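The values are calculated or read from the model by the stated rules, or taken from the named source; none is laboratory data. From a predicted model like this one, the values you see are computed outputs, not experimental measurements. Here the Cβ is made from the backbone with ideal geometry for all residues, glycine too, and neighbour counts use every protein chain on show. Just so you know, the surface numbers come from the protein's heavy atoms only, side chains and all, with ligands and any DNA or RNA stripped out. Shrake-Rupley method; radii C 1.70, N 1.55, O 1.52, S 1.80 Å.
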Amino acid sequence: MWTNDLSVGSQVIDSEHKQLFDLIQKFYEGIKDNSPKERLEELILGLVNYTKTHFANEEKYMRSLNYPGIDAHIKLHENFVEQVNGYYDRLKSGKLILSLEVTNFLKDWLIKHIKGADQQYAAFSSQQ
């Protein structure tokens with residue numbers, strides 16, 4: 001899932017992005033393999049927790065750049081965490097049957113976010 005065109009020019013951030021793709025892949029495999037609900041809950045919770053850590057690191061990096069678009073970027077992060085938390089809550093309460101649709105949302109969001117919003121701070125960083 002990771003390709004070099006997703007690089008933002010920061011080895012740490014790129015490494016975290018790769019880890020996010022790995023977590024999404026494990027989640028996908030869990031769904032594909034009909035893993036027990038508890039395992040899927042564990043996988044999505046791991047994704048949520050790692051995402052929060054990554055977003056905090058990315059936001060710290062943007063602050064170090066004095067990136068002017070940070071507030072809008074943080075809103076994107078908050079919306080994503082809220083949506084994934086919603087998936088987790090609905091799964092835990094039995095109101096969500098996980099499908100490839102959820103995995104595709106996660107993967108597509110991450111790719112669009114990196115190629116869009118993240119590339120903006122990468123471009124800003126290269127101009128400094």
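Can you pull out every residue in the range 1-15 that is within 21 Å of GLN128 (Cβ to Cβ), surrounded by 15 or more Cβ atoms within 10 Å (Cβ to Cβ) and either free of Cβ contacts under 8 Å to residues at least 40 places away in the same chain or not hydrophobic (A, V, I, L, M, F, W, C) (or both)?
Passing the criteria: SER7, SER10, ASP14.
Within the range 24-41, is even one residue open to solvent by 20 Å² or more (accessible area, probe 1.4 Å), at pLDDT 95 or above and either aliphatic (A, V, I, L, M) or closer than 21 Å to ILE97 by Cα (or both)?
No, every residue in the range 24-41 fails to be open to solvent by 20 Å² or more (accessible area, probe 1.4 Å), at pLDDT 95 or above and either aliphatic (A, V, I, L, M) or closer than 21 Å to ILE97 by Cα (or both).
Of everything in the range 16-47, what is of a type in the set (S, T, N, Q) and either touching a residue at least 12 places away in the same chain (Cβ under 8 Å) or farther than 22 Å from PHE105 by Cβ (or both)? Give them in sequence order.
GLN19, GLN25
Within the range 58-105, take every residue that is of a type in the set (S, T, N, Q) and open to solvent by less than 60 Å² (accessible area, probe 1.4 Å) and give me the one that is farthest from the chain's Cα centre (by Cα).
Only one residue fits best here, namely SER99.
Could you list, in sequence order, the residues of the range 48-96 that are farther than 20 Å from ASP108 by Cβ, at pLDDT 95 or above and charged (D, E, K, R)?
Passing the criteria: GLU59, LYS60, ARG63, ASP71.
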